[in-house]
Amino acid sequence: MNATSPTTPLRHVQFRLPFPRSVAGVWIFAVGIILLVMLGVQILSGIVLAMFYVPTAGSAFDSIVHIMRTVRHGELVRNLHAIGASLFFFACYLHIFRAMYYNVYRKPYLKMWTISVTLYVLLMITAFLGYSLIWGQKSYWAATVITSFARAIPFVGDTLYTFLVGGYTPGTPTLGRFYVLHFIIPFAIVAVTIWHVRTVQSAFAHAMKKTFTARESQRLLFDFRVTERDALKLTLFLMLFAWFLFFAPHYLSSADNFIPADPTVTPAIVAPEWYFLPFFSILRCFPGELAGIVAMCASVLIFYFLPWLDTSRARFRNLSKLVKAGFWIWVGNALFLGWLGSKALVGPDLVDGFSNEEGWIRAASQLSTLIYFAWFLIVMPCRRLLEKQD
């Protein structure tokens, strides 16, 4: 009988995609379908906002106010884009942590992992550019501080800064550059996302054929059971999204960003959005700008080298309790770094140019930074000695 015969049960002719069983369990919002839906929300809402946004220093903030007050459903679309960015990164971090927990970065998943990290880097760049476009008090100074770090790069620092800013200080040329890049990069993200989905399919298909037993392969099949789980998780995530959108639309925003940018007044703390705070904390825990830039970039790029830093031969489910505990300590430390990044380095009782509050925040940030890198540079290379081999 032909495979496409009308009498053939639909379940036997459906397009079955291999997928990991780690979609179940505690990683409720770590499924890829949530990221795909949020990517679509961000692109569609961003296109609508781009129709009304004016990328000039004198009109950028007013154009956002115009969108929220005058454009029909403009406040809804703008909050959809702003809140969606935060929840997008929330789901993205869960996705990355799950991949790290289950060691989904070694062969045959190496290509898939590399593309995933590239996607994350593109998301970070896009989010920073979009945050700067608000041109509120906090986003203006965040853009000013981050772009000024380009000057610390030897030999090409001044040239790079001039190229990014388009002048001596951020202004209309800066907004023009950021606006164009913020509009173009998401389409590159879509292309890389399609590539990523294809590598996910091929990687797990290869794993099924080469690594797993027949029983394990059957459990990895992407059938109606996994589809129902993903639909339930997506529904719960959209309920969370709707709660922020309708009941706490500005909970994830900074109050300073509702004030127009003023180059003459510096906020108490110049910090990015919450999803960048761990890296911001690493950046400012070093006394030298260049050392901070190198450490911040290394804290992101080190994910590329994770497949080679991990020396263990165990499968992703055969982790020792010691390694599992270490992973959750690392996650907790990353959250602590984010909390430290949200604290202002100001306070009374200056001693040698530093306040007491600045001293303990800097010391805690340095210790947390050591723990952050120790997981990659010490624990991962020594995993073979820490866990029981098959």
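The values are calculated or read from the model by the stated rules, or taken from the named source; none is laboratory data. The model shown is predicted, which means the values in this text are computed figures rather than measured ones. Glycine also receives a Cβ, built like all others from the backbone with ideal geometry; neighbour counts cover every protein chain displayed. To get the accessible areas, we keep the full protein, side chains included, count just its heavy atoms, and leave off ligands, DNA and RNA. Shrake-Rupley method; radii C 1.70, N 1.55, O 1.52, S 1.80 Å.
Here are some notes:
- Rounded accessible area per residue of segment 107-175, 1.4 Å, Å²: 42
- If you take all other residues with their beta carbon under 10 Å from the beta carbon of V31, and give Lys and Arg +1 and Asp and Glu -1, the sum is +2.
- Sites H66 and I259, calculated FRET efficiency, Cβ-Cβ separation with R0 22 Å, nearest 0.05: 0.85
- Summed side-chain charge close to G288 - residues other than G288 whose Cβ falls under 14 Å, Lys, Arg +1, Asp, Glu -1: +2
- Once both labels are positioned 7 Å from their Cα atoms along Cα-to-Cβ, the gap between F52 and V300 label points is 3.0 nm.
- Pairs spanning more than 26 Å between alpha-carbon atoms, out of K107/K324; K233/K324; K111/K321; K233/K321: K111/K321; K233/K321.
- Kirkwood Rh in Å, taken over all unlike Cα pairs in segment 243-323: 16.9
- Summed residue charge, Cβ within 10 Å of P267's Cβ, Lys/Arg positive, Asp/Glu negative: -1
- Taken along the Cα-to-beta-carbon direction at a fixed 7 Å, the label points for L236 and R151 span 4.9 nm.
- Shown for segment 78-192: the carbon plus sulfur share of the solvent-accessible area, taken with all protein chains present and a 1.4 angstrom probe, equals 77%.
- Volume per residue of the convex hull around the Cα atoms, evaluated for segment 123-183, comes out as 75 Å³.
- Ratio of the Cα radius of gyration of segment 60-134 to 2.2 N^0.38 Å, where N counts its residues: 1.50
- Point-to-point label distance, Y251-A374, nm (Cα→Cβ direction, 7 Å offset): 3.5
- Full extension of the chain between E75 and I194 gives 39.8 nm of extra length, using 0.36 nm per residue less the Cα-Cα distance.
- Straightening the chain between L367 and W243 buys 41.0 nm, computed as 0.36 nm per residue apart minus the Cα-Cα spacing.
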